[in-house]
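Right, I'll just put the structure down here and ask away after.
A short reminder: the numbers here are calculations on the coordinates, not readings from a lab. Here the structure is a predicted model, which is why all the values come from computation and not from measurement. No Cβ is skipped: glycine too gets one built from the backbone with ideal geometry, and neighbour counts run over all protein chains shown.
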Amino acid sequence: MAEITTTFYRNLLDEHDQAVYNSLMNQLMHYQEEIVIDIPHESLGKIIQSISWDIPLLFYIDFYQGGAYYQKGGKLYTTGHYQYPKEEAKRLLEECKNWGNYIISKMPSGLTEVQRVLWLHDAVAKNVQYDHSDKVHKGQDIVSVIRDKLSVCAGISKTFKYLCDLAGQPCMVVIGQLNDELHAWNLVWISGEPSFIDVTNDLKKGMFAKETRLHFLRSSAQMQGYTWDKSIIPECRLHNQSDVVREVYSPEEMMKAAKICCFAKSLVLHLHLTPPPKQKEILRYIHQIKLHVPLLMTKKAAYCLSPPTIIFEGKG
């Protein structure tokens, strides 16, 4: 898969500030102590924050450290602020790249877009716990997930974006609020259509709990309690129910959801059954669904065991 980087926030800047963004990013990547850029039209802070959200691998930059700057001859001079000494940053960068490449190497071949994004969602959810320590700026980057396995929404959403970048899946970090508290989650494009994903709220909540997929592929209307800048973030409509996710708690609910949503481009059924079904049972459910819902006969069926999930995708 070709690696891409979705620079959504860079694209919101005008042409001049995109050049400033590029110059600033290049100097930060090379650990420059003194940064020299053209005077931007937007605030420097906004451009720096755009880099933070667009490029998860620049974790070693202290984006929260304000610095003095001065203007001279049409240029702006400021200081680069870094969280780690250069050699340690290089070592951590290599560690993050190795982790990302390892995760991608384990992705099964032949997955559809929905299956691929679901697999990446689970890869993050299974590798991190939420950090409740309430330390300032703790867990704001991908190192907190990759090295510490303990992070908050900012680090989790950046890590998910990083894996999507590696997998060639367009993705961005969304900054907003959840129940009036600052929060970060993601937006992905599947077949050109945007959908929200909140991996943080799908983490397991308790020692004996499991991660869920309750916040996977959601429309704007389904994001109750969330607020974000709707003037810049694309609306997620899931046109014609192109991607439908349902939580089912009995075989009867599973069959009902399959009948109601059989026209969807893709249908994801999360099976909250007790005890959790094994492979033979899931295959039997797939067979029964296709017998009772003929429109699903022509769709490709796939499944996961942990957590138990059935996915129908393709032209019905």
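Kirkwood Rh and Cα-based Rg: tell me the resulting Rg over Rh for the stretch 142-229, rounded to two decimals.
Numbers: Rg = 12.9 Å, Rh = 13.5 Å.
My calculation puts Rg/Rh at 0.96.
My understanding is that a pair violates if its Cα-Cα distance is over 21 Å; which of LYS210/LYS230; LYS280/LYS300; LYS149/LYS210 do that in this structure?
Values: LYS210/LYS230 32 Å; LYS280/LYS300 18 Å; LYS149/LYS210 16 Å.
With Cα atoms farther than 21 Å apart: LYS210/LYS230.
Which of the pairs LYS75/LYS161; LYS46/LYS204; LYS106/LYS278 have their Cα atoms more than 30 Å apart in this structure? Please list the in-between numbers first.
Numbers: LYS75/LYS161 33 Å; LYS46/LYS204 34 Å; LYS106/LYS278 22 Å.
Violating the 30 Å limit, Cα to Cα: LYS75/LYS161; LYS46/LYS204.
Another one. Choose one of TYR70, GLN177, TRP99: the residue whose Cα lies farthest towards the positive end of the charge dipole of the chain (beta-carbon charges +1 Lys, Arg; -1 Asp, Glu; about the Cα centre).
Final value for the positive-end residue is TRP99.
Placing unit charges on C-beta atoms (Lys and Arg positive, Asp and Glu negative, everything else neutral), compute the dipole magnitude of the stretch 10-83 about its Cα centre in debye, rounded to 20.
Numbers: 4 positive and 9 negative charges, 20 e Å.
The dipole magnitude comes to about 100 debye.
How large is the charge dipole for the stretch 238-316, taken about the Cα centre, if only the Cβ atoms of Lys, Arg (+1) and Asp, Glu (-1) carry charge, to the nearest 20 debye? The partial results should precede the final answer.
Values: 11 positive and 6 negative charges, 60 e Å.
The dipole of the stretch 238-316 has a size of about 280 debye.
Given the chain reduced to its alpha-carbon atoms as identical point scatterers, what log10 I(q)/I(0) does the Debye formula return at q = 0.07, 0.09, 0.10, 0.16 Å⁻¹?
Here log10 of I(q) over I(0) equals -0.32, -0.51, -0.61, -1.36.
Nearest 20 debye, what's the magnitude of the dipole of the chain about its Cα centre given +1 on Lys and Arg Cβ and -1 on Asp and Glu Cβ? Let's see the in-between values first.
Working: 35 positive and 35 negative charges, 297 e Å.
Value, rounded to 20: 1420 debye.
Turning to a different aspect of this structure: For a protection proxy built on the mean count of beta-carbon atoms within 10 angstrom, sort 165-176, 224-235 highest first, please. List each step's numbers first, then the result.
On the way: 165-176: 19.7, 224-235: 11.9.
Result, highest mean first: 165-176, 224-235.
Also: Name the residue farthest towards the positive end of the dipole of the stretch 179-226 from the options SER219, VAL188, THR200, assuming +1 on Cβ of Lys and Arg, -1 on Cβ of Asp and Glu, about the Cα centre.
So the residue furthest toward the plus end is THR200.
Which whole-number percent gives the relative contact order of the chain, counting Cα pairs below 8 Å spaced six or more residues apart? Each step should come with its number before you reach the end.
Working: 519 pairs, mean separation 37.9, N = 316.
Averaging sequence separation for qualifying contacts and normalising by length gives 12 percent for the chain.
Just for the Cα atoms in the stretch 166-314, what are the lengths along the principal axes, largest first, rounded to whole Å?
45, 38, 30
Then there's this: Search the structure for amide H atoms under 5 Å from the amide H of SER266, placed 1.01 Å from N in the peptide plane, and list their residues when 5 or more places away or on another chain.
The answer is ASP243, VAL244.
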